[in-house]
Amino acid sequence: MIPEQPELANGSVSAAFRNTLGKVGAEKAQRVLNVLLESPFFYRDDDVDLFGLLRRRQSLFQEFFEIFFGWELYVDQQVARLIKPKTFNPQLKPSQRHVFRITGRHQYVLFILLLEFYQHQADEQNVDLDRETEVRFVLADFVEFAFKRYREELGNGMPEEAFILGEMRSLFKKLEHHRFIALAETTGVVTEEGLAAGFTREGASSVLYAMLPGLRCYRPEELNGLELLGRSHAGDNGNDKVESSDPVGNYLESEPVEEESAEVEEVES
């Protein structure tokens, strides 16, 4: 339930805010708030009418979350999400927070590569990302894309293909859980033996995935190795910014950090 006139630094909630909330209606407002809190992303296709209401009253809901929680509300034509910039419970360990986390260097790299692949496929398929709800791809195409980028950066030092495929499968499980991607279709050996068979050279062509609008909230060029490790760009004096023209190469060439994990921005589960 929405609190009644909380004590705020600048006084109570403005009359204009309360009036606008009244125009939305308590039941509809409650539905919007709950949908935004129930999963990391609220997609237009989840509920076209409710998403339309959120878009029309976007400034109201942004004000609500900013005033009551200190959160940001991001909304575009296809997706809405909450951004929670601060943790208020100092006793929580990073692993105890319900956020999207990637464990291991190669899963970070594969996530960056998927962002690159997302834009590449949108261009190749002539998909307008502002209008279309998803970009579909055959898993084998991403496998080849990832192997090519690994070879470009590491040459003979590239890990075994089976290892990369295993890391890819683990990453895709997390991405499905957080609604970045969705399994669209399986055929052949994957239908018979299960999804694990798709993360092989032989089975990857039998799996079709859809990349969902939540991926648009991230840019591969903004996720270099230090950011993915959850470390600051600034040095001790706060001025030593790290520049990287190629986040994949920068990260693959860094020291091993397989036991560390990091949040790729703030996405609540």
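Each reported figure results from applying straightforward, stated rules to the coordinates on display, with no laboratory input. Just so you know, these numbers come straight off a predicted model, no measurement behind them. Note that we place each Cβ from the backbone using ideal geometry, even for glycine, and neighbour counts take in every protein chain shown.
Does L73 satisfy the criteria of being farther than 30 Å from A204 by Cβ and in a helix (DSSP H, G or I)?
On the way: farther than 30 Å from A204 by Cβ: yes; in a helix (DSSP H, G or I): no.
Answer is no for this residue.
What are the residues in region 151-166 that are under 23 Å from the mean Cα position of the chain (by Cα) and either crowded, with 21+ Cβ neighbours inside 10 Å or of a type in the set (A, V, I, L, M, F, W, C) (or both), if any? Can you show your working first?
Step one: of region 151-166, the residues under 23 Å from the mean Cα position of the chain (by Cα) are 164-166.
Passing the criteria: I164, L165.
Which residues, counting only those in region 158-209, are in a strand (DSSP E or B) and not acidic (D, E)? First the steps, then the outcome.
As a first pass, look at region 158-209 and keep what is in a strand (DSSP E or B): 181-186, 207-209.
Hits for region 158-209 are I181, A182, L183, A184, T186, V207, L208, Y209.
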Margin query: Quick check on E161: is it touching a helix residue (DSSP H, G or I) at 6+ places or on another chain (Cβ under 9 Å), within 30 Å of Q78 (Cα to Cα) and touching a residue at least 12 places away in the same chain (Cβ under 8 Å)?
Written below: no
Note to self: Filter region 98-141 down to the residues that are part of a strand (DSSP E or B) and either farther than 25 Å from T200 by Cβ or of a type in the set (S, T, Y) (or both) and list them by number.
What the structure shows: V99, F100, R101, T103
